[in-house]
Amino acid sequence: MTAAVLYGKEDLRIEQIPMPAAGPGEIVVRVAAALTCGTDLKVYRRGYHAKMLKPPIPFGHELAGTVEEVGAGVTKFHVGDRVVALNSAPCDACYYCKHNQQNLCDDLIFNNGAYAEYIRIPARIVEKNTLLIPDGVCFEHAALTEPLACVVRGLEESNAQVGDSIVVIGAGPIGLMFIHTAQLAGLHVIAVVKRDEQVDAAKVFGAEHVLQTTTVKDVVAAVRALTPSQRGVDIAIEAVATPATWQQAVEMVRKGGTVNFFGGCASGTKVELDTNRLHYNDITLKASFHHTPATARKAFEFIASGKFNSREYITGRAPLASLDEVFRKLMDRSNDIKTAIIP
């Protein structure tokens with residue numbers, strides 16, 4: 001079969017590799033759509049991901065498709081079923097799983113290889129994190145489940161309440177998902193963006209106010225000016241992954257506010273924070289990583305119900321043979337939010 005294999009930094013090759021076979025408890029899915037994402041772009045640039053993959057390895061992790069083969073013992077799924085399979089599953093037996101932190105599972109298994117004609121889904125993911133797609137939900141929309149599950153968990157971890165004010169720094173695919181999910185949850189959203197095209201995108205997905213860093217002299221002051229008595233927002237979400245934006249997020253929240261450092265900076269990155277402000281203003285600092293089976297199902301329900309504006313997220317389509325070209329375009333700050341790769 002045809003598949004994309006990552007060999008290293010910006011070294012992505014379309015190759016013929018063996019067709020996967022379903023072992024006990026496993027399924028093989030014929031990929032109908034695999035979506036580009038910020039994590040894949042970061043991995044493409046760096047050539048690896050410390051937790052999820054080491055090259056050479058089949059690449060990609062946001063997918064939906066049709067069951068092609070079922071392994072021995074599989075009863076939940078049948079050949080021909082339309083499914084979305086997430087990229088990981090916890091063990092539910094380790095310390096972290098037992099403490100309701102499945103995203104930190106000591107034995108969290110990952111699955112890559114979505115940019116291919118077929119992908120094998122490991123038994124644990126089949127059991128815990130594979131879902132049937134209802135009629136009327138297209139494959140491209142269902143494939144949004146994994147990143148949206150991460151966002152749903154991030155918002156939950158930030159203790160978001162109806163009526164809260166929230167600033168989302170960044171308007172890439174994840175930032176836009178935070179904007180839209182927060183708006184659907186009844187929050188008042190301020191978006192901080194950089195590029196011209198992101199202004200309109202942030203508004204489409206529910207931002208009440210959009211601040212562009214290239215036209216605002218002091219973005220922290222501009223955010224605070226949009227809150228009563230300039231006290232700051234209740235919640236700040238950092239979705240850019242730079243030290244500067246991490247520090248800005250802390251300055252944007254009110255006393256007693258919460259900051260979620262969602263954007264993961266490169267290993268070894270250091271950030272300077274005002275300890276006086278943190279302590280005497282009782283500010284909560286959070287960092288959210290990954291998703292859980294529960295947030296995956298909440299995200300999937302958002303999509304399947306039609307509440308989530310999935311259509312606006314898919315801004316491009318391309319064949320598997322053009323994948324390297326697609327990533328190079330994304331590196332040049334393309335206007336695309338997500339491109340659906342159609343094997």
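Bear in mind that the values in this text are calculations on the coordinates, not laboratory data. None of these values were measured; they are calculated from a predicted model. We place every Cβ from the backbone using ideal geometry, glycine too, and count neighbours over all the protein chains shown.
Summary of computed values
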read-out	value
Mean ellipticity per residue at 222 nm, deg cm²/dmol - from DSSP H runs of n ≥ 4 across the chain, formula -39500 (n - 2.57)	-8000 deg cm²/dmol
Beta bridges per DSSP with both ends in the chain, % antiparallel, nearest 5	55 percent
Euclidean distance between Cα centres, the range 126-146 to the range 16-89, Å	13 Å
Selected from Pro122, Pro228, Pro243 as most flexible by GNM, with the chain as the system and alpha-carbon contacts under 10 Å	Pro228
3J(HN,Hα) from dihedral phi, the range 36-42, Karplus parametrisation 6.51/-1.76/1.60, rounded to Hz, x for glycine, proline	6, 8, x, 5, 5, 5, 5
Span from the the range 227-266 Cα centroid across to the the range 294-311 one, whole angstrom	26 Å
For the chain, built as a Gaussian network whose Cα springs stay under 10 Å, the top-fluctuating residue of Ala85, Ala321, Ala149	Ala321
Radius 12 Å from Cβ of Gln247, net charge of other residues (Lys, Arg +1; Asp, Glu -1)	-2
Projected area averaged over orientations for the chain, convex hull of C-alpha atoms, nm²	17.0 nm²
Candidates Ala21, Ala191, Ala33, ranked by Gaussian network fluctuation over the chain, Cα under 10 Å, top entry	Ala21
Using θ = phi - 60° and Karplus 6.51 cos²θ - 1.76 cosθ + 1.60, couplings along the range 135-147 (whole Hz; Gly, Pro as x)	4, x, 9, 7, 4, 4, 6, 4, 5, 6, 4, 4, x
Extension gain, Ser267 back to Ile14 (0.36 nm per residue minus Cα-Cα distance, nm)	88.2 nm
Entries in Lys9/Lys338; Lys98/Lys286; Lys76/Lys298 that, when Cα-Cα distance is taken, lie over 30 Å	none
For peptides 99-105, 12-18, sequence by mean Cβ density within 10 Å, most packed first	99-105, 12-18
Rounded tilt (10° steps) of 243-252 against the dominant C-alpha axis of the chain	50 degrees
